[in-house]
Amino acid sequence: MARYSAALFSLALFLMTGCAAPGVDLLAVPASDSALTFDSVDRAKLQLRLKNQGAQAAEHSPVIVEFHLNAFTVTSPPQDGGTLVAGQSSPVLEFEVPQDCLDSGCEFQIKIDPQRKLNDSNRSNNSVQGRFVRETAKK
């Protein structure tokens, strides 16, 4: 079975502060120790949760993932993290990684509220970029 890894470029986004931002403040956090999990048929899924670290509830928290392949971009169907009260995290959201990305690797970008409909007090943490790499077998 092939092995994969993901490196997030914006690791600082996962550092939580103890004080809540005014209003809504959504960010993506890993679903577990690893942001990627794999099922039994060698199909990778990017898993994440949304966290509202603001002081107000966020209603309908949309998120998409763009996979940037060599010649084109594949955008996931939007998923809704649901209504999140202050300090609450969403259930795990899963995004299927395109086969071309599995075969040759790609960069990805997680976008929270891509159409900017929420009154988010801190939009600088609404996007996370990373790289998905197929690891070569060690001999």
Local electrostatic count at residue 74 - Lys and Arg +1, Asp and Glu -1, tallied over other residues with Cβ under 9 Å: -2
Ranked packing of 44-53, 122-131, most packed first, by mean Cβ within 10 Å: 44-53, 122-131
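A short reminder: the numbers here are calculations on the coordinates, not readings from a lab. Remember, it's a predicted structure, so these values are computed and weren't measured experimentally. Don't worry about glycine lacking a Cβ; one is built from the backbone with ideal geometry, like all the others, and counts go over all protein chains shown.
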